[in-house]
1. From the Cα gyration tensor of the chain, with a ≥ b ≥ c the square roots of its eigenvalues, which class applies: rounded if a/c is under 1.5, or else prolate if a/b is larger than b/c, or else oblate?
2. Under a point spin-label approximation (7 Å from Cα along Cα-to-Cβ), what is the residue 104-residue 20 distance to one decimal in nm?
3. Taking only Cα atoms and a 10 Å spring cutoff, compute GNM fluctuations for the chain and point out the largest among 33, 117, 101.
4. Report the extension gain between residue 97 and residue 119 in nm, rounded to one decimal, defined as 0.36 nm multiplied by the number of residues separating them, less their alpha carbon distance.
5. Counting Lys and Arg as +1 and Asp and Glu as -1, what is the net charge of the other residues whose Cβ lies under 13 Å from the Cβ of residue 82?
6. Take every DSSP beta bridge with both residues inside the chain and express the antiparallel ones as a percent of the total, to the nearest 5.
7. Summing +1 for each Lys or Arg and -1 for each Asp or Glu, what net charge is found among the other residues whose Cβ lies under 14 Å from the Cβ of residue 101?
8. Could you calculate the contour length gain from residue 66 to residue 45, that is, 0.36 nm times the residue separation minus the distance between their Cα atoms, to one decimal place in nm?
Amino acid sequence: MTGPLTVRQAITYARRLAPLLHLSHWQIDGGDLLPASEDDLARINPTYGRRLAILSIRDGLTDPTLIRHTICHELLHLHLESVVNAAGRATSLLGGQAKWLADEGVREAVEQTVDKLATLLAPGLPKP
């Protein structure tokens, strides 16, 4: 790969990794190119009730090891989508500060879990 990763390259790569992560039943499509100033390196948005996810990446990514970890991380979110949805339904019964605290706790736990799994799994995956 030469130059920054494009959305098309990211989707092709994500589709190549999906079966290796037991996600071949998901359709991965391309989203936006996130501005280089964006905090997130990438973002995946699953469609509720379908096995469709939209992957967006940050402009300017060039390091193959970072790209592999980032795409692996985003794909692993799909394994936890049902947990996130169930937690969202449960926290909707709470109000105000309690709902916010519960939602943030779930969000942080999912991010930490996904990133730890990506740290373990990504090195065994092919680079882009």
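Nothing in this text is a laboratory measurement; each read-out follows from the coordinates by a stated rule. As the structure is a prediction and not an experimental result, all values here were calculated from the model. Note: ideal-geometry Cβ built from the backbone for every residue, glycine included; neighbour counts use all protein chains shown.
1. Working: a/c = 1.92, a/b = 1.70, b/c = 1.13.
Taking the square roots of the gyration eigenvalues as a ≥ b ≥ c, the chain is prolate.
2. 3.7
3. 101
4. Working: separation 22, 0.36 × 22 = 7.92 nm, distance 3.27 nm.
This chain segment gains 4.7 nm when fully extended.
5. On the way: positive: 50, 51, 89; negative: 81.
Residues close to residue 82 contribute a combined charge of +2.
6. Values: 5 of 11 bridges.
Roughly 45 percent of the DSSP beta bridges within the chain come out antiparallel.
7. Working: positive: 99, 107; negative: 103, 104, 108.
Every neighbour counted, the sum reads -1.
8. Numbers: separation 21, 0.36 × 21 = 7.56 nm, distance 2.01 nm.
Extending this stretch completely gives an extra 5.6 nm.
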